[in-house]
Each structure stands twice: as C-alpha cells, then as structure tokens.
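Here's a structure for you.
The values are calculated or read from the model by the stated rules, or taken from the named source; none is laboratory data. None of these values were measured; they are calculated from a predicted model. Here Cβ is always computed from backbone atoms with ideal geometry, including for glycine, and neighbour counts include all displayed protein chains.
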Ligand SMILES: [Zn+2]
C-alpha cells in the first residue's frame, strides 16, 4: 500500500512536469511571431527566433529525459534490485560500514552511468546544434573521470564516517553525522577554489590594466575588499557565460568566465560584479548556508526515523534497523520530493536576485549598465524571454529579464 502511494506520487510528479512543459510550450509559441515590445531595440528577429527554437528543443529533450529518469527510479525502487544487491554485498563482506558504503557507492555509480547517454546527447547534439558546446570528447570524458575519482576520494570516506557514527554514538548518530557533513562542507568551501576547481579549469588573474583597475575600484566602492579577480576558461566547454563568487575568508575570490569578459563592456562588467558582491554583502551566501544546514539536519533526523520504521523499510524489501538502505532510499526519494518545494526555494532565490540588483544600482548610481548587461547575457545565452509564470515558478532560480528590468526601472533614483 505504502509502495503504491509512493509510486503514485512519483508518477504524479512526472505528470505535473509534462503539464508545466505543455503550458510553457503554448506560452512560448503564442509569443513566437513577434519580438516582445521590451526587447525590440536589443534583440533582432533572427536571434529571437533562434532563442525560441532553443527553448523548444530543450523542452522536447527534457520530456524524454524526465520520462527515462522516472522509469529508472521506479525500476530501482520496486524491482527488488536494491535488496538483491545488498544481500550480495552482505553475503560477501558482512555489514561493516566500509562494505555498506561501498555497496551504496556502486549502486550510485551505476545509476549515474545510466544517465550518461543523456548527458552526452545534451552536450554534443543539443548544445552543439545551437553553437554553445566547445568541449571535445576528450575533455568530456576527462571531466567524468575526475568527478568519479573525487567522489571516491571525498564522498566515499564521508559515507563510511556517517555509517560509523551508528556504531559509535547509537541513537544520536544523526546529530553527529550532520555535524560531520557540515564540517566537511565548510572545509570544502574553503579548499575547493584552491584544490578542486583548478582540476577542471584554468584560473588566471585578470591582467593589469584598465579593466582590472575599474573593477577593483568598483569593489572598493561597494565596500568589498577583493583578494582576487580571476578569469576562468569557461570557453573550454561552452559559450554560455557566467560569473560567481567562491572561497571563504582569506581565500575568497571573484571569478569571471572568459566568455563573459568577451561579451560585456567595462561598465556592464562593473554592474555584474556589483551584483555578485551584493550577494556577499547582503549575507545571501551565509543565509543560504544556514538554510541548507537546517534542511540537512531535518533530513538526517528523518532518515533516523525511517531506518527504524517497519512500514518504510519493508515497502522496499528491507528489514528495519539497517541505516545504509534507508539512507539510499531517502536520497532517491528526496529528489522526487524536493520538486514540490522548488517554487518555495526559487521564490527565495528570486527575492535575493532582486535585492542584489537593487544593491548594484545603488553602487553604480544608475540601472542602465546592469540592464544592458542582462540583455546581452540573455541574448548570448538564448534564454527564454517569455516563460509561462507557473513554469518559471518551478524551474527558474532567477527572475526573467523583463521582470528584472521592470524592477530596476521602478527603483527610487
Ligand atoms: Zn545573483
């Protein structure tokens, strides 16, 4: 019965995804014939038509991928393959933490292998067709291999530690596991920019000169002591452009994609930088960290309850009392459950974006460079300019160009 309800909820999620997609598809086509008024001066009809083609192609691909993911999830949950794999592992090695963690790791790897053909298609067909992909097969496979080795070197020991806490601390394991995860995340936030990101990309300090002086002066005006502004070779993989903030304390730095530096003018880059600094100054980064820490505390507590719950474990063919399968089942189901919370999470994220935009305008004294930068980025990334509001509610972490422009123009001067 429980199994049936869970399966029903998973299928319901797919149905809602299809419905949202259908709404969005109609909405986009209804606006497809003419460039919307607000974009007339910035986007030519050919680019606009291309952005619609890109949106529709992505949504076709998304429907196939969502269906496949749902089928795989249902098969893994209800075919009996999980208890079967666990029984093989326990038959060979017993139930020490390292063996249980290895079992979870092998199942997790197999699952992510099953998604590889889709990842490949997305990069080498979809993105390629619209001129975004710049990666070659060698870079692509190297990325996957590095990801696997990192998971093995960092994820596996963490998993063993979490399972070990059950032996060491008994009923309170979930609190200890949460503390360990939090400590790990903090250490990684500090070390990733130094140890991990360079494995995937090359970072070079922004060269001395006009642009660097301009951006450092802007950071100073925004009340932010920039340790470093670096340029990342994002063009190695894609023509999509971005900027982000990374590191903690002394190691924090601002990273601009080389594609962004090529696409934007000096004042536009200043505006983007001011927006990124705003996320830091307005404590969005800290608040997000606290929110995710609270969520993971709740998640660990929930797993501790589920691992002991008869109805939960038996629905999937396990005996209650074993943490490893409960942890894995929770991981699989959390993905499906978080979909329903995404409008809330995205609502929060969009609020932060508006606040960061307003901060950037205060620093720049004018909204124009930010508006110009957003327009250019939308054009270069072929973003969907006219998503259906329900669709963007579920899937967009940032307001659309039109919403941001309207908010920017309404700010008090
Ligand atoms: Zn932002």
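Within region 31-50, is there a residue that is at pLDDT 90 or above, exposed (fewer than 14 other Cβ atoms within 10 Å of the Cβ) and farther than 30 Å from residue 318 by Cβ?
Checking region 31-50: not a single residue is at pLDDT 90 or above, exposed (fewer than 14 other Cβ atoms within 10 Å of the Cβ) and farther than 30 Å from residue 318 by Cβ.
Using beta carbons and a limit of 7 Å, which pairs, at least six apart or on different chains, have the first residue in region 272-297 and more than 17 Å from residue 367 (Cβ to Cβ) and the second one in a helix (DSSP H, G or I) and away from the ligand (no atom under 12 Å from the Cβ)?
293/182; 296/178; 296/181; 297/178
Kindly indicate which of 248, 260, 291 is touching a strand residue (DSSP E or B) at 6+ places or on another chain (Cβ under 7 Å) and either surrounded by 17 or more Cβ atoms within 10 Å (Cβ to Cβ) or on the phi < 0 side of the Ramachandran plot (or both).
Exactly one residue qualifies, and that residue is 260.
Let me ask you something else. For a quick check of your reading: which strands (runs of 3 or more DSSP E) sit entirely within region 190-282 and have at least 1 residues that are farther than 23 Å from residue 150 by Cβ and more than 16 Å from the ligand (Cβ to nearest atom)?
Fully inside region 190-282 and qualifying: 203-205, 229-232.
Could you tell me which residue of region 344-382 is nearest to residue 280 (Cα to Cα), considering only residues that are under 21 Å from the mean Cα position of the chain (by Cα), away from the ligand (no atom under 12 Å from the Cβ) and crowded, with 18+ Cβ neighbours inside 10 Å?
346
Here's a follow-up. Identify, please: which residue in region 398-413 is within 21 Å of residue 20 (Cβ to Cβ) and within 14 Å of the ligand (Cβ to nearest atom) and is, among those, surrounded by the most Cβ atoms within 10 Å (Cβ to Cβ)?
Across region 398-413, the extreme among qualifying residues is 401.
Continuing with this model, one more query. Does region 384-397 contain any residue that is surrounded by fewer than 18 Cβ atoms within 10 Å (Cβ to Cβ), within 16 Å of the ligand (Cβ to nearest atom) and either modelled with pLDDT of 90 or more or closer than 24 Å to residue 298 by Cα (or both)?
Yes, region 384-397 contains at least one residue that is surrounded by fewer than 18 Cβ atoms within 10 Å (Cβ to Cβ), within 16 Å of the ligand (Cβ to nearest atom) and either modelled with pLDDT of 90 or more or closer than 24 Å to residue 298 by Cα (or both).
Now for a separate question. From the list 194, 160, exactly one residue is touching a helix residue (DSSP H, G or I) at 6+ places or on another chain (Cβ under 9 Å) and more than 30 Å from residue 360 (Cβ to Cβ). Which is it?
160
Separate question: Just one of 92, 120, 168, 141 is closer than 22 Å to residue 318 by Cβ, part of a helix (DSSP H, G or I) and out of contact with any strand residue (DSSP E or B) (no Cβ under 7 Å at 6 or more places or on another chain); which is it?
92
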